[in-house]
Amino acid sequence: MTGAPTVACPACDGTAPAGRHRCARRGLRRAQLVLTVANLDTGAVASHEVLPSNLDPRPVAAGGWAVDLTPRVRELAAEAGVTATVEPVVVPMPEAWRPDLPAADRHELAARALAEAARPAWRVWVGRSAASPPVDPARRLGRLCALADLLLLDLVVEARRHGDALRWAVRYEVPGSPVPGLPPEPGYADLAAALAGTDVADALTGLGERGRDAPARQLRPDPLRLLIPGATVNVARVARRVRADCAGRAGGGRLPGAQAVWRDGRWWHTGLRPGGPAPDLAGQPTGPRRSRLSRLHRPDGLPRNRMPLRRAVEPPDPPWLGEPVPSRPCPACRPAARRVGWALSCATCAGTGRVHQAALVTLTDLRCRVVHLAWRAGVPEPVSAVSVRPGGRSVVRLPDRYRLGAWATVFGVRPEDLAEADGGHALPPDVRDGYVGLPWAGADPVGEQVAAVGPALPAARLLVTAVRPDAPPLAELLRLACGLDLALLVNVLDLRRHPAAPMRAHGVLWSVDLRAPAAPVCPDDLPDRPSLAAAVAHCLECLDVTLPETAPADPGTPVPVPRSTPCPLPPDPVPWLRRLAARHAGRPLSVRFTRAGRTVHRHDDGVRLLAEGVDLPDRRLT
């Protein structure tokens with residue numbers, strides 16, 4: 001095929017603003033869908049190309065016609081040796097499609113249907129030869145509850161109405177967080193499915209956003225609380241109670257949703273009612289919630305509906321909450337200038353108007369160990385002078401209790417393994433190692449450290465995980481990239497021999513990404529992860545987004561249909577990459593691996609090609 005079949009974009013004529021419609025102002029949409037299943041254990045890849053000419057519509061029970069591609073995906077999984085549960089892949093046909101239409105009309109309608117269904121045009125399932133053990137909902141819920149007690153958080157089980165059905169979600173919140181104005185994403189059909197699709201990392205994601213306006217209170221953890229055996233949780237009982245709360249009381253009508261909140265070792269149940277934030281029956285105020293800008297609109301660019309909700313009853317305060325954390329008005333913004341509800345706001349307070357005078361830091365291994373720290377501005381601490389930065393600003397180092405990297409050894413991990421629990425972002429090196437730049441002589445070092453951990457922490461809390469990244473060897477990712485006929489881009493920067501700069505990154509930085517084979521190396525392809533394992537884990541986590549983006553942007557260019565048989569792992573490139581980075585210490589390198597070989601680029605004033613070939617010995621790259 002010299003070109004992919006296309007259809008005219010029904011939403012525009014090529015003049016709509018870019019990004020508003022899926023054609024990106026091209027006026028055309030691709031009528032091609034490629035289904036691919038890849039085996040990370042063996043490198044096998046199986047693909048199937050779906051075109052308007054090979055669609056075989058069948059009647060559906062609800063009326064109309066559709067093409068069910070789910071059996072074909074299962075066949076591809078069997079061909080690649082992948083054990084996976086495949087969600088339905090269906091291409092609904094337009095209402096005008098009938099089998100007795102002329103062939104040209106059927107083909108045109110089929111092309112329109114395929115162009116609408118090809119979002120994205122390349123769907124890739126990456127799995128392994130052995131299936132993961134099924135999730136026990138009761139065990140998952142029990143672990144989430146136990147971790148909520150350990151981290152001094154609320155575990156919220158929520159159901160919201162979506163038409164005649166309920167959408168379920170499970171998440172962590174800091175006490176006092178208002179009810180999110182947008183429905184949960186994704187919404188599951190029942191509580192068991194929500195638990196199966198929500199692990200600890202998923203439940204923690206978005207914690208900062210949800211708790212932006214939660215009241216900040218000091219923590220008073222009870223060390224004996226950890227010795228109490230965890231309570232037995234009954235998934236069916238929790239689900240029944242939440243459904244009953246959604247149904248409302250007799251004569252009161254149905255409610256838009258309900259919650260079960262696990263707090264301090266027990267469940268608290270409440271319905272959700274329309275309106276602003278609920279009054280806190282225990283006397284703690286709450287406030288409106290700000291959503292991320294990207295979540296305010298649907299994928300088609302139209303605004304999403306928000307329903308302000310409040311809890312009918314707020315659970316009482318847990319005993320581990322203490323007095324309020326001191327705060328002061330933000331010195332960098334005025335209330336009238338704040339853009340409430342948008343992601344673009346003050347960099348000092350993130351639009352809250354308040355700056356906390358303490359940071360409550362929680363380090364955990366997400367299993368059974370936890371350390372709670374309180375950094376309070378104004379507390380005098382002995383510091384050691386380190387250097388003087390340009391402009392006369394001195395750099396000092398705080399004692400060990402302010403060095404999160406020093407706590408890593410307590411949990412048996414490396415300092416570079418520490419990451420924010422919300423999102424998994426690496427900690428800045430100055431925060432990790434306790435370095436503080438003083439803006440003037442006599443400035444408060446602890447206060448500057450509190451300000452450095454970030455504006456608008458949820459209830460002044462910073463949760464840090466001390467867990468080694470769960471990542472396969474880089475060679476597995478390289479084999480996957482070759483099987484999919486893509487390029488594996490590895491960016492590396494060796495700063496071990498760089499002049500000492502305590503406020504800047506040090507060690508060896510990495511980033512790993514999959515790109516289209518012809519995609520060039522860009523000036524902003526720079527490493528930002530503190531370890532190779534973290535970079536590989538992040539790459540695998542983002543495959544569902546990055547792989548479809550490698551499809552050609554031009555709708556007239558066909559999406560490749562990759563195929564590959566099982567093959568052994570290629571030689572481990574990591575030792576060569578480390579030697580290469582050491583030879584170019586202090587300069588970022590980008591190495592592209594493809595089926596044709598590898599290329600090495602160095603970032604100077606621009607991107608400079610150093611060498612290319614199938615095998616590049618060290619002596620060619622000096």
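The values are calculated or read from the model by the stated rules, or taken from the named source; none is laboratory data. Quantities reported herein were computed from a predicted structural model and do not represent experimental measurements. Note that each Cβ is placed from the backbone with ideal geometry, even for glycine, and that neighbours are counted across all protein chains shown. Accessible surface areas use protein heavy atoms only, side chains included; no ligands, DNA or RNA. Shrake-Rupley method; radii C 1.70, N 1.55, O 1.52, S 1.80 Å.
Using a 1.4 angstrom probe on the protein heavy atoms only, line up D444, D68, D164 by accessible area, largest first.
Per-residue accessible area, sorted high to low, gives D164, D68, D444.
On average, how much accessible surface per residue is there in region 140-188, in Å², for a 1.4 Å probe, leaving out ligands, DNA and RNA?
28 Å²
Quick one: accessible area per residue over region 474-613, 1.4 Å probe, rounded to a whole number of Å²?
In whole numbers, region 474-613 has 46 Å² accessible per residue.
Using only DSSP helix segments of four residues or longer, with each worth -39500 (n - 2.57), what per-residue ellipticity at 222 nm results for the chain after dividing by its residue count and rounding to 500?
Value at 222 nm, helices only: -5500 deg cm²/dmol.
First measure r as the distance between the Cβ atoms of H425 and R496, then evaluate 1/(1 + (r/R0)^6) with R0 = 25 Å and state the FRET efficiency to the nearest 0.05.
Once rounded, the FRET efficiency stands at 0.65.
Could you list log10 I(q)/I(0) for region 347-466 at q = 0.17, 0.20, 0.21 Å⁻¹, which the Debye formula gives when each Cα is one point scatterer?
With no solvent term, the Cα-only Debye profile gives -0.86, -1.15, -1.24.
Which trypsin sites (Lys or Arg not before Pro) in region 382-484 pass both tests, a DSSP loop state and at most 16 other beta-carbon atoms within 10 Å?
Those satisfying the criteria are R393.
Sorted by accessible area (1.4 Å probe), largest first, how do T85, T409, T42, T36 line up?
Descending order: T85, T409, T42, T36.
Considering only protein heavy atoms, what per residue accessible area in square angstrom results for region 6-127 with a 1.4 angstrom probe?
Value returned for region 6-127: 51 Å² of accessible area per residue.
Would you please calculate the Kirkwood hydrodynamic radius of the chain over all C-alpha pairs and express it in Å, rounded to one decimal?
Kirkwood hydrodynamic radius for the chain: 27.6 Å.
Which percent of the accessible heavy-atom area of the chain goes to carbon and sulfur, probe 1.4 angstrom?
Carbon-and-sulfur percentage of accessible area, whole number: 54.
If E116, E612, E416 are ordered by their accessible area, calculated over protein heavy atoms with a 1.4 Å probe, which sequence runs from highest to lowest?
Most to least solvent-accessible, the answer reads E612, E116, E416.
If you bin every alpha carbon distance in region 6-127 into 5 Å steps from zero, what whole percent lands in each bin?
Whole-percent P(r) values from 0 Å outward: 2, 11, 19, 18, 16, 14, 11, 6, 2, 0.
Go through P102, P57, P120 and say which Cα lies farthest out towards the positive end of the charge dipole of region 6-127; charges sit on Cβ, +1 for Lys and Arg, -1 for Asp and Glu.
Working it through, the farthest residue towards the positive pole turns out to be P120.
Seen from all sides and averaged, what is the projected area of the convex hull of the Cα atoms in region 474-613, in nm²?
With the hull built on Cα positions only, its mean projection is 9.4 nm².
Going by amide H atoms built from the backbone, whose H comes under 5 Å of the H on G206, apart from near neighbours?
G423
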